[in-house]
1. Just one of the numbered conditions (1) under 22 Å from A:Ile140 (Cβ atoms); (2) facing chain A (nearest Cβ under 7 Å); (3) among the small types (Gly, Ala, Ser) is not true of B:Ala57; which one?
2. Report, by residue number, each residue of the range A:70-96 that is in a loop (DSSP other than H, G, I, E, B) and touching a strand residue (DSSP E or B) at 6+ places or on another chain (Cβ under 6 Å).
3. Do you know which residues across the range A:123-152 are crowded, with 18+ Cβ neighbours inside 10 Å and outside any helix (DSSP H, G or I)?
4. Residue check, A:Gly36 against (1) within 7 Å of chain B (Cβ to nearest Cβ); (2) at pLDDT 90 or above; (3) out of contact with any Cys (no Cβ under 9 Å at 6 or more places or on another chain), all met but one. Which one?
5. Just wondering, is there one or more residues in the range A:65-85 that are of a type in the set (Val, Ile, Thr) and at pLDDT below 85?
6. Does any residue of the range B:28-41 turn out to be over 22 Å from A:Ile103 (Cα atoms) and more than 7 Å from chain A (Cβ to nearest Cβ)?
7. Filter the range A:51-69 down to the residues that are surrounded by 16 or more Cβ atoms within 10 Å (Cβ to Cβ), free of Cβ contacts under 8 Å to residues at least 24 places away in the same chain and in a helix (DSSP H, G or I) and list them by number.
8. Report, by residue number, each residue of the range A:82-97 that is facing chain B (nearest Cβ under 7 Å) and touching a residue at least 12 places away in the same chain (Cβ under 8 Å).
Amino acid sequence: MANSLNDQEQYSKNIKSYQPKPPYVFNAIKAFIVGGFICMFGQSVQNFYINVFDFSKENAGNPTVATLILIAALLTAFGWYDKIGQFSGAGSAVPVTGFANSITSAALEHKSEGIVLGIATNMFKLAGSVIVFGTVAAYIVGMVRMLFKALI
Amino acid sequence: MEYLIAFAVGGGICVIGQLLLDIFKLTPAHVMSSFVVTGAVLDGFGIYDRLIEFAGAGATVPITSFGHSLLHGAMQQGEEHGFIGIAMGIFQLTSAGISSAIVFGFIIAILFKPKG
């Protein structure tokens, strides 16, 4: 019995009963409300750019994303985005604002190591995976689509 | 109505992310990476464009649209220049997002002190 408790391979099985079970439904509702609110806010920013600066519906996404990123970076600087993130989980991580938050917070966190070695080197510590996987996936899908077009 | 649809679709995408976090015990970085890949693959079949037409910012604000824009830029140049165009155009549409994230992140890291 004592052996099975000290067995490393059994570890993940053994600790399972000690891990608190996350409140799935409650977490999902919180993520839905915060995520939905961020997207609704994005929609109002997008409409603002369409109506005031005469962007077309296709092009309005770019300045909208840039605005949301600026707001999220500022919220991160004041330490508010982390509080929202603790409350909402994926609700604030999945929108573009979460991408901006991961860049800004990584840069802020390593500020003490200097501007070059701290801020600039560590900036993409978390967001890098998003860019790498996005680029590789888009490259492969793009290649496949081009191949199909060339064949048909 | 436009706002309600954006709220519902955007919130729905976040719920999927939350369920991946809770049930499959993924880290946020894993969830974000898989969402970007999903966005690119969905756009490969032309599905994501329809979702954007339907939901507006509800589909463009979540990180899945990052993969969608990467592929869109790549295909735009790809139509003009063939296979080399994919590499040339891949960051064309996402440039605003990436450059503003870098610039704002850098400026804020210089101006502010880390909290917490």
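1. (1)
2. Scanning the range A:70-96 gives a single hit, A:Val94.
3. Result: A:Met123, A:Phe124, A:Leu126, A:Ala127.
4. (3)
5. Among the residues of the range A:65-85, not one is of a type in the set (Val, Ile, Thr) and at pLDDT below 85, which makes the answer no.
6. Checked against the condition, which is being over 22 Å from A:Ile103 (Cα atoms) and more than 7 Å from chain A (Cβ to nearest Cβ), the range B:28-41 yields no hits at all.
7. Listed by number, the residues that qualify are A:Gly61, A:Asn62, A:Pro63, A:Thr64, A:Ala66, A:Thr67.
8. Within the range A:82-97, A:Asp82, A:Gly89, A:Ala90, A:Gly91, A:Val94, A:Pro95, A:Val96 meet the criteria.
The values are calculated or read from the model by the stated rules, or taken from the named source; none is laboratory data. Quick caveat: nothing in here was measured; it's all calculated off a predicted structure. A quick note on method: Cβ atoms are made from the backbone with ideal geometry, for glycine too, and the neighbour counts reach across all protein chains shown.
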